[in-house]
Amino acid sequence: MSGPIVCVDDQPEVRRLLAELFRARGREVMSFDNGEDAIAWLSNHEAELVVLDLDLGAGRRTGIEICRELRSRLPELPIIILTGHGTIDDAVIAVKAGAVDFITKDPYLEDKLAISVEKVERILEHARDRRRLEDENRELRATNEKLRRAAGRRWAIVGDSPSIRNVMTKIERVAPLPRPVLVLGPRGTGKELVARAVHTLSPRASEPFITINCAAVAESLLESELFGHEEGAFTGATKQKEGKFELADGGTLFLDEIGNMSMEFQAKILRVLEYQRFERVAGSESIQVNVRVIAATNADLKVAMAEGRFRPDLYDRLAFEVIQLPALAARLDDVPVLATYFLARFRQEVAGITVREISAEAFDAFASYDYPGNVRELKNVVERAVYMASGEVLTAADVAAALPPEAQLGASASTAGASGFQDDARLPLGERVDAFESWLCRDALERTRFRQKEAAQLLGLTYDQFRQRYRKYGLGKD
């Protein structure tokens, strides 16, 4: 689908502002002061994007209601909700209604929209890429090269919570500068994605992006991996080898888990950062490079420095800019957007996926877990739920079956009274325990659609242990 950008807002000055911003970027714009006229126009014309005000005036349907109708008629049309009084709840409702983004108006609307245009254009580009890939798949013309290009775009950081907006602001601000960056955050939060984003947005984007996980390489081999070695430097060194610093010359070197380096090796890294010079193992030639270093760790470097396990001077050298990634539990309002993104990616990567959308109840189920593995764990849960589901709409039951057992047990125990279990304090303790155990087993069966092996796994039991309880409590009876 192609065509103009449709802007719907009851305020003339906002319509003019949107039109000026988009036309300045070469886009054609159609403006409407109410949703009904926009729907009527879209019934006979194609559009690239709809920017829709949340409040369209008294007596008129809200932007959420217009969004739902447009989504039902034009499921592929991207819709952005614009509001003057947005809350996190509004944002979640907008995403559930089918909006791809949620932008808040304020007295500085013009400045804010100018900053947001870049993000809007990324959304448009993503929509165009998605349509192109879907057309190619339908026509059986997708090639391996196109799939590799799709994979190359996966550095994109998804989310619109304040913490992620702050991360993106830092990335965009520091990317053009030839200085080190330190990325901190728990496991699974996307530290390498941030490093790739910094590289991609920098003047070095066409040069190499080289990565190494410092925790995965033995200390005795790390020097050779980073600096290279000469022939005969050690047993097995049958030829000269270039290290990661040489391979990254002109580009970016990503040092993951730098907190695992010994103090002695940290001194060597500090010297290379300061002088951009080093020697290969067993070499005498001083090699000059031009490498931007981005380092990352999930360790608390302030504690490590206090305990003498990390050099303060190396920290100072790396921390020209520090980008702190939040745990997913601290930005659960991003879960619906992330889940939708992972579903779209999974559908592109795997043929035969039946799920096309996520229900509101499934979004709630995704957000009910705190994800100690963060975004990486959410991605795995989404993909497990999608591949196990049988319908076109992902349900809460599908999500529950994909969540880890500890999430299910925690949810069962905390919501037992509200979900049907009634404890009778007048009964002896043994009977009360049996009643609760029976309820847990039946609840596990219902969550797994009465697949006994999966119910056993959900409860952390062997199949034989579950079968004993299945017979004991007569769970096969109506």
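The values are calculated or read from the model by the stated rules, or taken from the named source; none is laboratory data. Computed from a prediction, not measured in an experiment: that's the story for all the values here. A quick note on method: Cβ atoms are made from the backbone with ideal geometry, for glycine too, and the neighbour counts reach across all protein chains shown.
Scanning segment 13-33 for residues that are assigned to a loop (DSSP other than H, G, I, E, B) and either under 18 Å from LEU74 (Cα atoms) or at pLDDT below 90 (or both) gives ALA24, ARG25, GLY26, ARG27.
None of ALA195, ALA205, ALA215 is part of a helix (DSSP H, G or I) and either hydroxyl-bearing (Ser, Thr, Tyr) or surrounded by fewer than 18 Cβ atoms within 10 Å (Cβ to Cβ) (or both) except ALA215.
Residue-by-condition table, conditions (1) outside the structural domain of GLY59 (by TED's automatic domain parsing); (2) more than 20 Å from CYS67 (Cβ to Cβ); (3) surrounded by fewer than 19 Cβ atoms within 10 Å (Cβ to Cβ):
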site: LEU18; (1), (2), (3): no, no, no
site: ARG23; (1), (2), (3): no, yes, yes
site: GLU28; (1), (2), (3): no, yes, yes
site: ASN34; (1), (2), (3): no, no, yes
site: TRP41; (1), (2), (3): no, no, yes
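Kindly establish whether SER438 is outside the structural domain of GLY190 (by TED's automatic domain parsing), surrounded by fewer than 18 Cβ atoms within 10 Å (Cβ to Cβ), at pLDDT 85 or above and among the small types (Gly, Ala, Ser). The answer is yes for SER438. The single condition among (1) surrounded by 14 or more Cβ atoms within 10 Å (Cβ to Cβ); (2) in a loop (DSSP other than H, G, I, E, B) that THR238 does not meet is (1). Report whether or not ASP90 is surrounded by fewer than 20 Cβ atoms within 10 Å (Cβ to Cβ), modelled with pLDDT under 85 and under 26 Å from ALA339 (Cα atoms). Criteria met by ASP90. Exactly one residue out of LEU52, LEU82 is touching a Lys or Arg at 6+ places or on another chain (Cβ under 7 Å), within 18 Å of LYS96 (Cβ to Cβ), part of a strand (DSSP E or B) and not acidic (Asp, Glu), and it is LEU82. In segment 205-224, the residues that are at negative phi form Cβ pairs under 7 Å with partners that are assigned to a strand (DSSP E or B) and hydroxyl-bearing (Ser, Thr, Tyr), at six or more places apart or across chains, as follows: PHE209/THR252.
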